[in-house]
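Trainee: One structure, pasted below without further comment.
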Amino acid sequence: MDKFLAYDKTDKRKYTKKFDCNSFSTVLLGRITEWDSTLAAGEIFGYTPGGAHAFNAIITTDLEVEYIEPQTDKRFKPNKNWMPWFAKF
């Protein structure tokens with residue numbers, strides 16, 4: 001995933017009213033699927049300290065869930081500050 005995120009430029013796009021967090025997460029999921037359709041990747045809608053938000057998730061080869069903030073490519077473990085209410089894999 002590190003190699004893909006270094007290659008992909010979704011995080012370089014500009015946030016606008018028409019290209020918001022939903023757009024970032026949808027585009028990143030599509031790009032991950034184009035890169036390798038065997039990866040377990042998804043799109044999550046949930047609550048964060050900043051309010052409602054869309055972000056991505058992967059299931060690692062160790063069978064652990066990792067979140068990806070599509071606007072920055074930051075990867076992190078699920079925590080109580082990022083509460084999903086809908087996930088699509």
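No value in this document is a laboratory result; all are computed from the given coordinates. Computed from a predicted model, the values in this text were never measured in an experiment. FYI the Cβ positions are ideal-geometry reconstructions off the backbone, even for glycines, and counts take in every protein chain you see.
Trainee: Which net charge results for the neighbourhood of L28, defined as the other residues with beta-carbon distances under 11 angstrom from its beta-carbon, given Lys and Arg at +1 and Asp and Glu at -1? Each step should come with its number before you reach the end.
Mentor: Numbers: positive: K9, R13, R31; negative: D8, D11, E34, E43, E69, D73.
Every neighbour counted, the sum reads -3.
Trainee: What 222 nm value per residue comes from the helices of the chain, counting each DSSP H run with n ≥ 4 as -39,500 (n - 2.57) and dividing by all residues, nearest 500 deg cm²/dmol?
Mentor: Computed mean residue ellipticity for the chain: -7000 deg cm²/dmol.
Trainee: Quick one: how many lysine pairs in the chain have C-alpha atoms under 26 angstrom apart, if they're 8 or more apart or on different chains?
Mentor: Qualifying lysine pairs in the chain: 23.
Trainee: Using Stokes-Einstein with the Kirkwood hydrodynamic radius over Cα pairs, what translational diffusion coefficient do you get for the chain at 37 °C and a viscosity of 0.692 mPa s, in µm²/s rounded to a whole number?
Mentor: Calculated translational D: 251 µm²/s.
Trainee: Something else: Size of the dipole of the chain about the Cα centre, Lys and Arg at +1 and Asp and Glu at -1 on the beta carbon, nothing else charged, in debye to 20?
Mentor: Rounded to the nearest 20 debye, it is 440 debye.
Trainee: With Cβ to Cβ distances under 13 Å as the rule, what net charge do the other residues near K74 carry (K, R +1; D, E -1)?
Mentor: Result for the local shell: -3.
Trainee: So, counting K/R as plus one and D/E as minus one, what does the shell of residues with Cβ under 14 Å around A87 add up to?
Mentor: -1
Trainee: Below 8 Å, C-alpha to C-alpha, sequence gap of six or more: please give me the relative contact order for the chain in percent.
Mentor: Taking the mean separation of contacting Cα pairs over the length of the chain, I get 28 percent.
Trainee: Estimate the FRET efficiency between N22 and T61 by the formula 1/(1 + (r/R0)^6), using the beta-carbon distance for r and 35 Å for R0, to the nearest 0.05.
Mentor: The computed FRET efficiency comes out at 0.80.
Trainee: Here is a further query. Hand me the GluC sites (Glu not before Pro) from the range 7-80 located in a DSSP loop with no more than 12 other Cβ atoms within 10 Å, in residue order please.
Mentor: Numbers: sites: E34, E43, E64, E66; in loops: E64.
Counting only loop positions with at most 12 other Cβ atoms within 10 Å, the GluC sites (Glu not before Pro) in the range 7-80 are E64.
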